[in-house]
Amino acid sequence: MKNKTCTDTQPFDSHYFRSALGQFATGVTVITTRLEDGVYLGLTASSFNSVSLDPPLILWSLGAKANSLPVFTANSHYVVNILSSEQAWLAEQFASR
């Protein structure tokens, strides 16, 4: 499967964004980003919130002592994967070192 770049994305749909965030009362997410060499890095985050619909903004937190902090602060793009209850194993996998 081809990796999509920002130029391949669909136009932003604010109604879809609102609907998706409205279904996320509380839970766990996996945040991922891609390194310069193409390798993906991810972590489990339970600190995820909707901030604004216009502009579309979310908030997630990463500890100041986290080993992945330099990677996420240096990258301009990341993906928030909202997990279902059946994906607890995935959250556990990304929570480990």
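Read-outs: derived from the displayed coordinates by stated rules, not from any lab. Small disclaimer: the values here were computed from a predicted structure and weren't measured.
Amide H of Val28: which non-local residues (sequence gap of 5 or more, or other chain) have their own amide H closer than 5 Å, using H built in the peptide plane?
Leu83
Determine ³J(HN,Hα), in whole Hz, for all residues of segment 79-87 in sequence, where each value follows from phi through the Karplus function 6.51 cos²θ - 1.76 cosθ + 1.60 and θ = phi - 60°; x replaces Gly and Pro.
For segment 79-87, the Karplus-derived couplings read 10, 9, 9, 7, 9, 8, 5, 6, 9 Hz, x marking Gly and Pro.
Once phi is turned into ³J(HN,Hα) by the Karplus curve 6.51 cos²θ - 1.76 cosθ + 1.60 with θ = phi - 60°, what whole-Hz value does each residue of segment 54-71 show in order, with x for glycine and proline?
9, x, x, 9, 10, 10, 9, 10, 9, x, 5, 9, 5, 4, 8, 4, x, 5
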